[in-house]
Amino acid sequence: MVRIRNLHKQFGSHTVLDGVDLDLAEGSVTAILGPSGSGKSTLLRCINHLERPDRGYVEVGGEIIGFRPDGNRLRERSPREIAAQRARIGMVFQHFNLFAHRTAAENIVEGPLAQGVPVRTARARASELLARVGLAGRDDAYPSQLSGGQQQRVAIARALAMDPALILFDEPTSALDPELVGEVLSVIKDLAATGITLAIVTHEIGFAREVADQVVFLEDGHIIESGDPATVLQHTQSERARAFLAAVL
């Protein structure tokens, strides 16, 4: 589903990603771990071209994201083409990013309406998705009327509204009060069972151990550990990863 090769990204003189290679199998769950500043969020943002890679490429479903092959070179696609590619990749952010002046349903239907889906169809689908994430009957609730966990579940429903084959989660529980974390992780766990490919930046090690097919540990823009959860979490090879896990467990 996802093929990342030799991915580099710099901000000024600071190298954030330094030659990352990574594969995400179709229908798999990949948990991305690492300390703050290791490049985790930038990696996700390069996958859907919210950040433009400086070198290397990301391929999703056999198509290079953001670029078009041109002989031995890659040429950047038009903004319209990039937007169309990005619409097929769901993204759930740390801080929800809901429109405060729009209801839960209105936040969800925005993307489908922009793609030409009829209003009635989009509204019906929004209601179905809200029920799916445990918010049946909250179509007309504004973000201010919802808890943080409920807002994040609306954000997940919004990502699902575009019927993506891949959803990226950027620390989806880090902005939540501890008692609300479980309800969001439960929704993600349910999604993992449906065959949607998921990539999740998280510090929830227990969740990664239980749900992930692959765990990746980033440090200074490099993948220093990768493999199945038992290998990475229980038989960690690098001292840096062991220290990180000891701190968060």
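The values are calculated or read from the model by the stated rules, or taken from the named source; none is laboratory data. These numbers come from a predicted model, not from an experiment. Backbone-built Cβ (ideal geometry, glycine too); neighbour counts: all protein chains shown.
Structure data summary
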{"item": "Failed item, numbered, when Q237 is tested on (1) closer than 25 Å to A155 by Cα; (2) among the polar types (S, T, N, Q); (3) over 18 Å from the mean Cα position of the chain (by Cα)", "result": "(1)"}
{"item": "Pick from region 14-50, criterion of a type in the set (A, V, I, L, M) and out of contact with any strand residue (DSSP E or B) (no Cβ under 7 Å at 6 or more places or on another chain), ranking: surrounded by the fewest Cβ atoms within 10 Å (Cβ to Cβ)", "result": "A25"}
{"item": "Top-ranked residue in region 207-249 [being aromatic (F, W, Y) and in contact with a helix residue (DSSP H, G or I) (Cβ under 8 Å, 6 or more places away or on another chain); ranked as surrounded by the fewest Cβ atoms within 10 Å (Cβ to Cβ)]", "result": "F207"}
{"item": "Complete set of residues in region 163-185 that are in a helix (DSSP H, G or I) and under 14 Å from V29 (Cα atoms)", "result": "L185"}
{"item": "Residue check, L185 in the same structural domain as V58 (by TED's automatic domain parsing) and crowded, with 16+ Cβ neighbours inside 10 Å", "result": "yes"}
{"item": "Given (1) over 24 Å from D213 (Cβ atoms); (2) surrounded by 20 or more Cβ atoms within 10 Å (Cβ to Cβ), number of the condition Q10 does not satisfy", "result": "(2)"}
{"item": "Yes/no for A230 being assigned to a helix (DSSP H, G or I), small (G, A, S) and within 30 Å of H14 (Cα to Cα)", "result": "no"}
{"item": "Filtered residues of region 60-88 (kept if under 20 Å from L191 (Cα atoms) and at pLDDT 95 or above)", "result": "V60"}
{"item": "Scope region 57-98; condition small (G, A, S), within 20 Å of the chain's Cα centre (by Cα) and surrounded by fewer than 18 Cβ atoms within 10 Å (Cβ to Cβ); matching residues", "result": "G61, G62, A83, A84, A87"}
{"item": "Qualifying positions in region 160-173 - touching a helix residue (DSSP H, G or I) at 6+ places or on another chain (Cβ under 9 Å) and either small (G, A, S) or under 14 Å from Q94 (Cα atoms) (or both)", "result": "A161, I167, L168, F169, D170, E171, P172, T173"}
{"item": "Any hit, region 7-21, residues being at pLDDT 95 or above, basic (K, R) and farther than 18 Å from P172 by Cβ", "result": "yes"}
{"item": "Hits in region 124-138 - residues which are over 22 Å from the mean Cα position of the chain (by Cα) and surrounded by fewer than 18 Cβ atoms within 10 Å (Cβ to Cβ)", "result": "A124, A136, G137"}
{"item": "Residue within region 190-200 that is charged (D, E, K, R), in the same structural domain as L17 (by TED's automatic domain parsing) and either touching a residue at least 60 places away in the same chain (Cβ under 8 Å) or not in a helix (DSSP H, G or I) (or both) present", "result": "no"}
{"item": "Flag if Q10 is in contact (Cβ under 8 Å) with a residue 24 or more places away in the chain and more than 12 Å from the chain's Cα centre (by Cα)", "result": "yes"}
